[in-house]
Amino acid sequence: MKIKITLFILCSAMFFGFTLGITETVTLNAQSTEGERNSADRLIGILVTKESLGQIDYDEYFEKNIDSIVKNNRKGTQFYLPNGKTYAKAISSFFSDEADYIFEGIEGFRLLAPQRFEDGCNYTMFICDDVFTDNYVNLAKNDTGDSVELRTTIYYLDNEHCNRLYLNPIYQTPAGEVYAVNGNGHVLSAPSTKQTLYEHLKSTANGTKATYEATFSVTFVPVKKPLLTRILQFASNNNLLRSEEFTPDSFPKSLKPLSETAYIVVESVKEDGIDRELVQKGDKDEAAYAFLFNDDGIGIKQQCKIEWE
């Protein structure tokens, strides 16, 4: 699995935002896990899994706590199940390009922005597995606090391969430890759905008030199975110069057009038809794209850079 790791340095007052690359929206307050974590721990990301993390043996928990559960229910007290913690393993140097946080033994996809404070600067890493596409990152820091906003998209096959995913919040302690807790299951349905984790924290240190705000949004988009991608090169008089076909697993990382090529048409052949996109020299995004899906039906958006002369 490929990952993208980026290191940002936020010193004093700074704002940073960029984009890489009809929904139903469900917003969850990440602080619903307050009883299972320290209030100083920060929401820094999402671990997406096909199965529940399952840190808690709920049968055993109910057996041991049935009296208090029944008592609280009679009083009309709202009852929350406990959430265990799954800690990530930090590997390599934090400042190395290979620095990473791994949830050993967990099959899932990570989107997170862990932090480190050193020499008066706040170092923020952006770690993103390759199933997350069209990523938008917005980091801000000033004298009153800081915030992080990550928006992303997961594409999946519109069939029986995948119908539910779990969005597990990832937190970071003041000491730098990173862990995930059980999250809600999200049912995938057409046309697309979006789920957001949000947290707003307030703190006071040495008489100074500070805030931390975190927003992590994932949009789930169903697509039909891709069969092949056809790249067509045309001259300025609209004559076809070259036609090439690629299967999802043979899609190239780059392509050099012929010297007389004026524009390119990219045809994505899918089970339900053909989508076409125009690529011209000077476009903001001079690239062609194609999806490669894993056995679970989750898509990876592949890029073919068009290298014009």
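Using amide H atoms built 1.01 Å from N in the peptide plane, name the residues 5+ places from I300, or on other chains, whose amide H lies under 5 Å from its own.
Result for I300 returns L292, F293, N294.
Provide R151, R110 in ascending order of the number of other Cβ atoms located within 10 Å of each residue's Cβ, fewest first. Please report the intermediate quantities before stating the final value.
Values: R151 19, R110 25.
Going from least to most buried by this count: R151, R110.
Using each residue's phi in the range 174-180, evaluate 6.51 cos²θ - 1.76 cosθ + 1.60 at θ = phi - 60° and report the 3J(HN,Hα) Karplus result to the nearest Hz, with x for Gly and Pro.
Result, rounded to whole Hz: x, 7, x, 5, 10, 8, 10.
Mind listing the phi-derived Karplus ³J(HN,Hα) values for the range 203-208, rounded to whole Hz, using 6.51, -1.76 and 1.60 with θ = phi - 60°, and x for any glycine or proline?
Each residue's phi maps through the Karplus curve to give 8, 9, 9, 6, x, 9 Hz.
So which of K225/K281; K50/K194; K89/K194; K89/K301 end up more than 22 Å apart by C-alpha?
Values: K225/K281 29 Å; K50/K194 16 Å; K89/K194 29 Å; K89/K301 27 Å.
Those over the limit are K225/K281; K89/K194; K89/K301.
On alpha-carbon atoms, Rg over Rh for the range 226-306 using Kirkwood Rh?
Working: Rg = 12.9 Å, Rh = 13.1 Å.
We get a ratio of 0.98 for the range 226-306.
Hey, what do the phi angles of the range 219-230 turn into as Karplus ³J(HN,Hα) couplings, whole Hz, using 6.51/-1.76/1.60 and θ = phi - 60°, x for Gly and Pro?
9, 9, 10, x, 9, 7, 5, x, 9, 6, 10, 10
Using a basic spin-label model with each label point 7 Å from the Cα along Cα→Cβ, how many nm lie between L258 and R116?
5.2
Using a Förster radius of 41 Å, what is the FRET efficiency between K301 and A90 based on their Cβ-Cβ separation? Nearest 0.05, please.
Numbers: r = 28 Å, r/R0 = 0.68.
It comes to 0.90.
Could you list L53, L112 so that the one with the fewest beta carbons within 10 Å of its beta carbon is first and the one with the most is last? Before the final figure, lay out the partial values.
Working: L53 20, L112 24.
Lowest count first: L53, L112.
Which peptide among 264-274, 192-202, 165-175 comes first, and what is the full order, when sorted by highest mean count of other Cβ atoms within 10 Å? List each step's numbers first, then the result.
Details: 264-274: 14.6, 192-202: 17.8, 165-175: 20.2.
Order by mean packing, descending: 165-175, 192-202, 264-274.
Tell me which residues come under 5 Å, amide H to amide H, from D100 once H is placed; ignore anything under 5 positions away on its chain.
When sequence neighbours closer than 5 places are left aside, the close amide H contacts are I91.
Among bridges DSSP assigns within the range 226-306, what percent are antiparallel (round to 5)? Let's see the in-between values first.
Details: 29 of 31 bridges.
Close to 95 percent.
Using a Förster distance of 25 angstrom, determine the FRET efficiency expected from the C-beta separation of K270 and E51, and round it to 0.05. Please report the intermediate quantities before stating the final value.
Numbers: r = 29 Å, r/R0 = 1.15.
Working from the Cβ atoms, E equals 0.30.
Bear in mind that the values in this text are calculations on the coordinates, not laboratory data. Because the structure is a prediction, the values reported are computed rather than measured. Glycine gets a Cβ as well: all are built from the backbone with ideal geometry, and neighbour counts include every protein chain shown.
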